[in-house]
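A quick write-up on the structure given underneath.
The values are calculated or read from the model by the stated rules, or taken from the named source; none is laboratory data. Being a predicted model, the structure only gives us computed values, none of them experimental. Cβ coordinates were reconstructed from backbone atoms using ideal geometry, including for glycine residues, and neighbour counts include every protein chain displayed.
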Amino acid sequence: MNPLELTDAAPVRRSRIPVALRERDFRRFWFGETVSLFGDQITLIALPLTGVLALHASAAQMGYLVAAGIAPALIFSLHAGAWLDRRGRRRQTMLVTVLGRAALIVTIPIAYWLDVLTLAQLYVVAFLIGTLSVLFFVAYTTLFVSLVPRERYLEANALLNGSRAFSYVGGPSVGGLLVQALSGPGALIADAVSFLASGFTLGSIKPVEPPTEEAERGHVKAGLRYLWRSPVIRASLLATATINFFNFVFWALFILYATRTLGVRPGVLGVVLGAGAIGGLIGSILTGKISRRLGVGPTFVFSCILFPRRSCSFRSRTARTGSCSRCSSRPSSYRASA
């Protein structure tokens, strides 16, 4: 082959790499987040399976576990945003939160192997991890802006969203197999390692962060007033909150029902959840086209109506097979309310 042809081919191969990934800091940040997102999906299945299989949690106790994990987002989100705006140092905050979450996750397998693991520990760990996650994701947005030039926002965000979408597909499958092979607490070690990987990448970057804001009273109240006075945002928040509420009810009972009543093994359950996430990938591809044809508002309303149908179809199939348990009536009430 002509040497000139080789030199001409090299730039072509390099051009296939997204421009955003040529930036050292963003490339490391993206890698760490990709690993961490897969770890998060492993915990999403391993933690409730620990409660069900290792501690024999009841339906109510599974509800408490899910509530402990999501309560910090409701309690601390607005205050965390105001605090970080005044404090700054978002990268250091994120670094502390990922290391803290790794340490909290590790306490579960250690307690399990020492035969001292309790549901109370799961509740506390879930709440503290949720609290640190709030701080992490509030700081995440501002740090992202510091890492990527404005003209690369769309490309960089697409890379991160792609990692998130693939973690939804692959993470539960890997998590289910790890639970089946190592037990629920053993599988959580994978998430702890993913947090360490994220911490390493965060420690290796030096973004220039925006200046902090002066401390003023009423920041949180002003934000709440703005949200409530905007009819579009208010309606969107209420609709999303309603869907999320009943979705978390369903999720708290689904793993309990699948493992105890249907006898689904963790490995198969992970594959089922991962396969279900493929619909999210398809939806993300089609959202733009549907929104342009129907409009953003009608598409949002249409999706709010269709979203609960998956649970309704699950309940109807269960009724036809004649399966029944103490927890099978709980998802039915969720769907009736939705």
Set Leu224, Leu202: member being part of a helix (DSSP H, G or I), hydrophobic (A, V, I, L, M, F, W, C) and modelled with pLDDT under 75 = Leu224
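Rundown of residues vs (1) in contact with a His (Cβ under 6 Å, 6 or more places away or on another chain); (2) under 16 Å from Leu196 (Cβ atoms); (3) touching a residue at least 12 places away in the same chain (Cβ under 8 Å); (4) hydrophobic (A, V, I, L, M, F, W, C), yes/no style:
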position: Phe38; (1), (2), (3), (4): no, yes, yes, yes
position: Val52; (1), (2), (3), (4): no, no, yes, yes
position: Gln61; (1), (2), (3), (4): no, no, yes, no
position: Leu65; (1), (2), (3), (4): no, no, yes, yes
position: Leu74; (1), (2), (3), (4): no, no, no, yes
position: Arg90; (1), (2), (3), (4): no, no, yes, no
position: Leu99; (1), (2), (3), (4): no, yes, yes, yes
position: Thr107; (1), (2), (3), (4): no, yes, yes, no
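Does the stretch 108-129 contain any residue that is hydroxyl-bearing (Ser, Thr, Tyr), modelled with pLDDT of 85 or more and out of contact with any helix residue (DSSP H, G or I) (no Cβ under 7 Å at 6 or more places or on another chain)?
Going residue by residue through the stretch 108-129, those that are hydroxyl-bearing (Ser, Thr, Tyr) are 112, 118, 123.
This time we only want the ones that are modelled with pLDDT of 85 or more, so: 112, 118, 123.
Subset that is out of contact with any helix residue (DSSP H, G or I) (no Cβ under 7 Å at 6 or more places or on another chain): 118.
So far as the stretch 108-129 goes, yes, one or more of its residues are hydroxyl-bearing (Ser, Thr, Tyr), modelled with pLDDT of 85 or more and out of contact with any helix residue (DSSP H, G or I) (no Cβ under 7 Å at 6 or more places or on another chain).
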Test: Arg87 is under 20 Å from the mean Cα position of the chain (by Cα) and among the basic types (Lys, Arg) = no
Does the stretch 145-161 contain at least one residue that is crowded, with 16+ Cβ neighbours inside 10 Å and closer than 30 Å to Leu269 by Cα?
-> yes
Pick out, from the stretch 246-338, the helices (runs of 4 or more DSSP H) lying fully within it that include 3 or more residues that are surrounded by fewer than 13 Cβ atoms within 10 Å (Cβ to Cβ), of a type in the set (Lys, Arg) and at pLDDT below 75.
-> 309-321
